[in-house]
1. What's the number of the only condition in (1) out of contact with any helix residue (DSSP H, G or I) (no Cβ under 7 Å at 6 or more places or on another chain); (2) open to solvent by less than 70 Å² (accessible area, probe 1.4 Å); (3) at pLDDT below 85 that residue 233 fails to meet?
2. Out of segment 38-73, which residues are of a type in the set (D, E, K, R) and in a strand (DSSP E or B)?
3. As an exercise: evaluate residue 93 against (1) in contact (Cβ under 8 Å) with a residue 60 or more places away in the chain; (2) more than 30 Å from residue 168 (Cα to Cα); (3) of a type in the set (Gly, Ala, Ser) and give the number of the one condition it does not meet.
4. When residues of segment 76-103 are filtered for being under 22 Å from residue 133 (Cβ atoms) and open to solvent by less than 20 Å² (accessible area, probe 1.4 Å), how many remain?
5. Output the number of the condition that residue 126 fails; it satisfies all remaining conditions of (1) open to solvent by 30 Å² or more (accessible area, probe 1.4 Å); (2) polar (S, T, N, Q); (3) in contact (Cβ under 8 Å) with a residue 40 or more places away in the chain; (4) in contact with a Ser or Thr (Cβ under 7 Å, 6 or more places away or on another chain).
6. Please determine whether any residue of segment 61-75 is among the acidic types (Asp, Glu), within 28 Å of the chain's Cα centre (by Cα) and open to solvent by less than 80 Å² (accessible area, probe 1.4 Å).
7. Any residue that is out of contact with any strand residue (DSSP E or B) (no Cβ under 7 Å at 6 or more places or on another chain), among the small types (Gly, Ala, Ser) and in a loop (DSSP other than H, G, I, E, B) - is there at least one of those in segment 156-165?
8. Can you tell me which residue within segment 44-58, out of those that are of a type in the set (S, T, N, Q) and either out of contact with any Gly (no Cβ under 7 Å at 6 or more places or on another chain) or closer than 17 Å to residue 143 by Cβ (or both), is least open to solvent (accessible area, probe 1.4 Å)?
Amino acid sequence: MITPRTVAVLGLGRMGYALAARLADQGWDVVGWTRSGRSSTAFRTTADPNEAVAQADLVLLALFDGPACEQVLDDVRDSLRADTIVLNTSTVSPAEASRLALRFGPSYVHAPVLGSVPAAVGGALNILAAAGQDTLDRARPVLDALGTVRCVDDAATSAALKLIVNSSLAGSVLALREALQQADALGLPRSHVLDVLELGQLGGLVARKRPFLADRSAVVSVPATFTIGALAKDMTLLAGASNTPLRSAAQLADPPADPDADIAVAATVPAPEDAVLQPLHAYIRGHATGDPTHFRDAFLPTARIEGIRDGVFVSWPLDEYCALFPGHPAPDEPARSRRIDTVDVHGTVATATMTLLHGTDAFTDIFLLVRRTDGTWRITNKAYHRHS
């Protein structure tokens with residue numbers, strides 16, 4: 001077994017640079033390349049990826065996505081020696097990982113990493129490595145210098161597992177966003193909220209990202225270690241690979257934040273503006289008072305309300321719906337309750353869900369809303385389900 005000594009790192013973004021610097025610090029002969037022409041004092045760089053690859057026993061990819069991996073490898077393929085190991089740490093789809101493994105055969109190692117820049121610098125990454133045993137043994141010294149290796153059966157599984165891990169991260173970011181929005185609505189001091197959140201299930205994330213969460217100026221003063229755009233890309237890959245709806249893909253891609261900002265910035269997105277809530281509050285007032293005027297304030301005149309009533313599908317225009325209300329509260333109104341569960345704004349359209357508890361019945365209402373040119377919002381349609 002020949003241990004690789006010269007490593008070409010293709011892609012010197014945040015993670016690629018950290019990986020290259022770590023290997024150089026551990027005594028490897030590193031030559032780096034990136035499209036941006038980024039240079040380094042910690043290791044050699046070149047403007048020609050073929051020059052980097054021609055010198056290398058192992059080529060490490062740290063690129064943004066699958067198309068970038070395929071293009072760069074196409075560009076350098078003629079410079080790869082027959083025994084050169086291709087070690088791909090990039091986050092790609094399972095199909096892309098399988099395609100790359102098939103093209104490069106036994107010399108290919110698919111090895112996405114778990115952890116961000118600080119873990120890479122400290123050699124504390126967790127690595128999901130898929131390759132034949134001989135190739136894995138040859139690549140092991142490099143992998144061990146970067147972190148702890150977990151062997152995976154094949155490239156597609158390795159890629160899929162990485163996306164699942166990032167999905168849990170996206171869920172944590174969005175859970176943190178909701179917690180901070182609720183705390184803001186209660187008027188709680190941000191510093192106190194973060195202190196307490198560090199004691200709970202989100203504690204590790206809060207501790208790592210506290211500069212971004214506590215001070216909006218940190219958005220530009222503290223370097224990002226994992227960007228909103230990269231995580232949103234990963235969630236889009238996962239949704240496409242699983243063919244299963246993934247709400248976080250849309251939620252991460254849509255916030256009014258720079259895609260190059262750290263993922264923690266996505267947790268600081270404020271609650272939906274009052275304007276989009278106004279028609280929902282008017283709808284609640286309509287039920288609370290029985291006064292159909294409030295429904296006319298909530299809905300567009302062209303709106304329809306649809307669902308199953310007494311076993312029959314109904315599709316009411318607004319006038320017919322308003323005629324159902326007598327103009328005074330229901331006798332058991334003090335015991336009834338309503339809550340807005342979700343509001344997701346996507347530019348000039350929004351969706352919302354609401355739960356209504358009316359005596360022995362519960363209703364799930366789902367709304368589609370639109371923002372008009374005057375800046376006001378109205379409900380365009382409502383569908384409901386009645387739980388008896």
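The values are calculated or read from the model by the stated rules, or taken from the named source; none is laboratory data. On a predicted model such as this, the values are computed, not experimentally measured, just so you know. Glycine also receives a Cβ, built like all others from the backbone with ideal geometry; neighbour counts cover every protein chain displayed. Accessible surface is based on the protein model in full, side chains and every heavy atom, while ligands, DNA and RNA are left aside. Shrake-Rupley method; radii C 1.70, N 1.55, O 1.52, S 1.80 Å.
1. So the condition that residue 233 fails would be (3).
2. Of everything in segment 38-73, just one residue is of a type in the set (D, E, K, R) and in a strand (DSSP E or B), namely 44.
3. Only one criterion in (1) in contact (Cβ under 8 Å) with a residue 60 or more places away in the chain; (2) more than 30 Å from residue 168 (Cα to Cα); (3) of a type in the set (Gly, Ala, Ser) is unmet by residue 93, namely (2).
4. Result for segment 76-103: 8.
5. Going through (1) open to solvent by 30 Å² or more (accessible area, probe 1.4 Å); (2) polar (S, T, N, Q); (3) in contact (Cβ under 8 Å) with a residue 40 or more places away in the chain; (4) in contact with a Ser or Thr (Cβ under 7 Å, 6 or more places away or on another chain) one by one, residue 126 breaks only (3).
6. Looking through segment 61-75, at least one residue is among the acidic types (Asp, Glu), within 28 Å of the chain's Cα centre (by Cα) and open to solvent by less than 80 Å² (accessible area, probe 1.4 Å).
7. So far as segment 156-165 goes, no, none of its residues is out of contact with any strand residue (DSSP E or B) (no Cβ under 7 Å at 6 or more places or on another chain), among the small types (Gly, Ala, Ser) and in a loop (DSSP other than H, G, I, E, B).
8. Within segment 44-58, the match that is least open to solvent (accessible area, probe 1.4 Å) is 46.
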